[in-house]
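Working notes, structure below.
The values are calculated or read from the model by the stated rules, or taken from the named source; none is laboratory data. Note that the structure is a prediction, hence the values are computed from the model and not measured. Note that we place each Cβ from the backbone using ideal geometry, even for glycine, and neighbour counts take in every protein chain shown. Only protein heavy atoms, including side chains, enter the accessible area calculation; ligands, DNA and RNA are left aside. Shrake-Rupley method; radii C 1.70, N 1.55, O 1.52, S 1.80 Å.
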Amino acid sequence: HVTFLAHPPMFSLGDDEEACRLEARIVSPNLEGNDGYLFMWQDGSEKEFFLANDFGTYWLSVQNDCGVSTDTITFRKQMLETAAQYNFFSPDNGDELNEHFTIDERARGAHLHVFNRWGKQVYTSASYQNDWNGYGLGAGVYFYMVEGECIEPIKGSFTIMR
C-alpha cells in the first residue's frame with residue numbers, strides 16, 4: 001500500500017491590521033485536517049494555533065516531508081503623527097465654514113489642551129468631539145496638545161482667523 005503526501009497547501013493567517021488596542025485573538029492557518037503537518041510558530045511553539053496578545057509580527061511554517069508553506073500576519077499599533085485636520089479655523093465670520101477646531105476622527109474623544117502664545121492654557125476638553133469654536137479667544141496663533149489612551153501626545157499649532 002503506497003500513500004502519496006501532498007505539499008502543504010498555501011494558507012493565510014489573515015490581513016495585517018492596525019489598531020489602537022489589540023484584543024487577544026487566536027491566529028491559525030485554518031487548514032482542512034492536519035495530515036501529519038508540523039507547525040512551527042515564530043516563538044518555537046508547535047500547536048495548530050497561536051494566541052496573539054500583543055502587537056508584532058507572527059509567522060507560521062507548516063511542513064511535511066514534501067515541503068513547507070509559510071505566512072505572516074502583523075498587528076501594528078495605530079500611531080497618529082498629526083491630529084489637527086487644518087492649521088486654521090474661522091469661527092463666527094458668517095461663511096459657516098471651518099467654524100470649529102477639527103481633529104482627525106481617529107483622535108476624537110482624546111484629551112485636548114489649547115495654549116496661547118505665552119503658554120497659558122486657554123481651553124481643555126477631557127473628551128474632545130470637534131465642537132470647540134474658540135469662544136472668547138481673539139484672532140492669532142495658538143498651540144495644542146492631543147493625548148489619549150491610544151495616542152502619544154501630539155503637539156501642533158493653529159490660527160484662529162476672525
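Only one residue in Thr74, Thr82, Thr102 is of a type in the set (Val, Ile, Thr) and at pLDDT below 85, so which one is that? Residue meeting the stated conditions: Thr82. Being touching a residue at least 40 places away in the same chain (Cβ under 8 Å) and of a type outside the set (A, V, I, L, M, F, W, C) is the filter; apply it to segment 13-26 and report the residue that is least open to solvent (accessible area, probe 1.4 Å). Filtering first and then ranking leaves Gly14.
Scan segment 55-65 for residues that are open to solvent by 90 Å² or more (accessible area, probe 1.4 Å) and either closer than 11 Å to Leu13 by Cβ or modelled with pLDDT of 95 or more (or both) and the total you get is 1. Against the definition (under 30 Å from Tyr123 (Cα atoms), touching a strand residue (DSSP E or B) at 6+ places or on another chain (Cβ under 9 Å) and among the β-branched types (Val, Ile, Thr)), how does Ile103 come out, yes or no? Yes; evaluated as a whole, the condition is true for this residue.
Okay, residues lined up against (1) open to solvent by 30 Å² or more (accessible area, probe 1.4 Å); (2) closer than 20 Å to Cys150 by Cβ; (3) at pLDDT below 95; (4) touching a strand residue (DSSP E or B) at 6+ places or on another chain (Cβ under 8 Å):
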site: Leu5; (1), (2), (3), (4): yes, no, yes, yes
site: Phe11; (1), (2), (3), (4): no, no, yes, yes
site: Gln42; (1), (2), (3), (4): yes, no, no, yes
site: Gly67; (1), (2), (3), (4): no, no, yes, no
site: Asn93; (1), (2), (3), (4): yes, no, yes, no
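Scanning segment 143-162 for residues that are free of Cβ contacts under 8 Å to residues at least 60 places away in the same chain and either open to solvent by less than 70 Å² (accessible area, probe 1.4 Å) or polar (S, T, N, Q) (or both) yields Met145, Glu147, Gly148. The residue of segment 40-76 that is nearest to the chain's Cα centre (by Cα), among those that are touching a residue at least 60 places away in the same chain (Cβ under 8 Å) and assigned to a strand (DSSP E or B), is Arg76. Of all residues in segment 114-142, which are in a strand (DSSP E or B), in contact with a Ser or Thr (Cβ under 8 Å, 6 or more places away or on another chain) and surrounded by fewer than 15 Cβ atoms within 10 Å (Cβ to Cβ)? The answer is Gly140, Val141. Against the conditions (1) more than 27 Å from the chain's Cα centre (by Cα); (2) assigned to a helix (DSSP H, G or I), Asn93 satisfies every one except (2). Scanning segment 105-132 for residues that are over 17 Å from Thr159 (Cβ atoms), modelled with pLDDT of 90 or more and among the charged types (D, E, K, R) yields Lys120, Asp131.
Taking the conditions (1) surrounded by fewer than 15 Cβ atoms within 10 Å (Cβ to Cβ); (2) farther than 30 Å from Ile151 by Cβ; (3) of a type in the set (A, V, I, L, M, F, W, C) in turn, Leu51 satisfies each one other than (2).
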